[in-house]
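A.B. asks: Sharing a structure below in structure tokens format, with a few things to ask.
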Amino acid sequence: MSSKSKPKPKNKRSFQAPKGMRDILPEDQIYWEKVEQTIKNLADAYDFKRINTPILEDTELFVKGTGIYTDIIEKEMYSLRTKGGDKLSLRPEFTPAIIRAYLENGLSSLPHPVKLYSIGPIFRYERPQKGRYRQSYQANFEVIGEKDPVLDAQLIQLCFSINKGLGLKNLITQINSIGCSQCRPIYRKILTSFYRNKKKELCSNCQRRFQQNPLRLLDCKEAKCIQIAEQAPQIIDHLCEDCHNHFRGVLEYLDELEIPYILNSHLVRGLDYYTKTVFEIWPDDAEGRQISLAGGGRYDKLIKLLGGQDMPAVGFAIGLDRTINRMKEKKVKVFSRSRPLIFLAQLGDLGKKKSLKLFEELRKAGLRTASSFGRNTITTQLKIANRLKVRFALILGQKEALDKTIIIKDMISGSQEVVPLEKIIDKLKKKTRTKI
RNA sequence: GUACCCAUAGCUCAAUUGGCAGAGCUCCAGAUUGUGGUUCUGGCGGUUUGAGGGUUCGAAUCCCUCUGGGUACCCCA
């Protein structure tokens, strides 16, 4: 390095992460590790198998699976065309991709239900906001091949278990049934006829919904539309016998599990493939805006739609970014990984060489050791040792290297002793075992 | 896609309202040439204020456009 400092050229263009996307920094990793570990343990306990699918899929998969009239497909997909001309999209959700993998890899030959989970990023092109990113992370659970309502309830239980495992309470299930291909068209007619003469009073969005997806009229947040929706006929009063019994079954199991829920007849969710049960998990202590932490439901027709057999399924996704935000808000304690207890300081050429070798021996002995081989003064190295809050500093200088010894310095008392180099590992093992 | 607020050193923020861009923390080094924490001293760090244009004798400050962030919609995890 020259003594005269040159003016540092600054790049005219400074780069930023793409809008709505962000770095997860080292200081935050403890939360992500905790969340992933908790989810892995519980997935295992509930007998889910992990599956990883590509981040990109055929665009058509989502258009067909998620549904062409959903906001997700209409305006939120990151789509691209490859050099070969394939139309691909970054996954905006997991479910169609998981079903594609299930069909493509012949997982249908496994004993059913097939229970799969996945953790990873999803992408939606929308305006960023608190708890909403263009790249966000979800853990996704699917149970394929079981129509019994007990699975719907157990999935909700799993979601509560994950939250509990992360120290999060005060949650409530918002639940509804949106019927099936038998009863929903009938209800749809009833609903449309209810809305027909009120169409002019609706917001512009709802005018469009009236044509494309009348069920979503119930979900509008506009004051005038809410008022109308409150008068609207409710789907649970128009379910067919099968759907009615199924929904009653889910609620009975939730009662049995003592999971708090409220019936929300306006919950319809923005994905087309749902049948029967739909649910979201909300904080029940939030003031103002309700932000869902997890959501899911049953999709008994999707697998056939995507080319498989007629096969019922149910699943949910939990938003990890929002979950971690909530852990921070609730000041959930997350223990960081243990720090190195030892710092290895070296002096002189011979000391540095011997230290490099010793570092490997310490590592093999399972003694996590910090070091700063690039620094050569003892003052600086001990300063760093102090900052790292290690318990012991090892000093291996020219003199020690020649004598085949090493100094152990207790960083709390400041006392130090000289030990033969060959004894150092035993000595440290004893010390680190007793003095933490 | 709509509305409002915001952007000054790596971080947190000043700049007497249009008049010479500063401080604390961090980082690096020295005081102390083989011994840390406290203290003291110095240094790096802004091509002059997110980017580009405009008004003005003069712009971090006023105007326009863009980018990014926050919040509320929409929607969802």
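A.B. asks: Could you run through the stretch A:108-143 and say how many residues are more than 7 Å from RNA strand B (Cβ to nearest atom) and in contact (Cβ under 8 Å) with a residue 24 or more places away in the chain?
C.D. replies: The qualifying residues number 22.
A.B. asks: Going by the conditions given, is residue A:323 assigned by TED's automatic domain parsing to the domain that holds residue A:95, surrounded by 13 or more Cβ atoms within 10 Å (Cβ to Cβ), touching a Lys or Arg at 6+ places or on another chain (Cβ under 6 Å) and of a type in the set (Ser, Thr, Tyr)?
C.D. replies: When the stated conditions are applied, residue A:323 does not pass them.
A.B. asks: Anything in the stretch A:256-299 that is more than 19 Å from residue A:326 (Cα to Cα) and small (Gly, Ala, Ser)? List them, or say none.
C.D. replies: Matches in the stretch A:256-299: A:265, A:270, A:296, A:297.
A.B. asks: Those residues that are in contact (Cβ under 8 Å) with a residue 60 or more places away in the chain and among the charged types (D, E, K, R), I need them from the stretch A:79-107; list them, please.
C.D. replies: If the condition is that a residue be in contact (Cβ under 8 Å) with a residue 60 or more places away in the chain and among the charged types (D, E, K, R), then A:93, A:100 are the ones that fit.
Conditions tested, residue by residue: (1) at pLDDT 95 or above; (2) under 19 Å from the mean Cα position of the chain (by Cα).
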| residue | (1), (2) |
| --- | --- |
| A:79 | no, no |
| A:82 | no, no |
| A:99 | yes, no |
| A:102 | yes, no |
| A:105 | yes, no |
| A:108 | no, no |
| A:119 | yes, yes |
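A.B. asks: Determine if the stretch A:267-279 includes at least one residue that is in the same structural domain as residue A:393 (by TED's automatic domain parsing) and assigned to a loop (DSSP other than H, G, I, E, B).
C.D. replies: No, the stretch A:267-279 has no match at all.
A.B. asks: It is to be established whether one or more residues within the stretch A:153-176 are assigned by TED's automatic domain parsing to the domain that holds residue A:45, hydroxyl-bearing (Ser, Thr, Tyr), more than 10 Å from RNA strand B (Cβ to nearest atom) and surrounded by 20 or more Cβ atoms within 10 Å (Cβ to Cβ).
C.D. replies: yes
A.B. asks: So, one more: Given (1) modelled with pLDDT of 90 or more; (2) polar (S, T, N, Q); (3) under 35 Å from the mean Cα position of the chain (by Cα), where does residue A:338 come up short, assuming only one miss?
C.D. replies: All conditions pass for residue A:338, except number (1).
A.B. asks: Restricting attention to the stretch A:46-58, does a residue exist that is free of Cβ contacts under 8 Å to residues at least 40 places away in the same chain, touching a strand residue (DSSP E or B) at 6+ places or on another chain (Cβ under 9 Å) and under 17 Å from residue A:271 (Cα atoms)?
C.D. replies: no
A.B. asks: List pairs: first in the stretch A:201-220 and more than 16 Å from residue A:266 (Cα to Cα) and at pLDDT below 75, second of a type in the set (Ser, Thr, Tyr) and more than 9 Å from RNA strand B (Cβ to nearest atom), Cβ under 9 Å, 6+ apart or cross-chain?
C.D. replies: Pairs found: A:212/A:69.
A.B. asks: Go over the candidates A:349, A:321 one by one and state the one that is over 26 Å from residue A:40 (Cα atoms) and either among the charged types (D, E, K, R) or within 16 Å of RNA strand B (Cβ to nearest atom) (or both).
C.D. replies: A:349
A.B. asks: Kindly establish whether residue A:64 is away from RNA strand B (no atom under 16 Å from the Cβ) and closer than 23 Å to residue A:209 by Cα.
C.D. replies: yes
The values are calculated or read from the model by the stated rules, or taken from the named source; none is laboratory data. Keep in mind that what you see is a predicted model, and the values were worked out from it rather than measured. Virtual Cβ from ideal backbone geometry, glycine too; neighbours counted across all protein chains shown.
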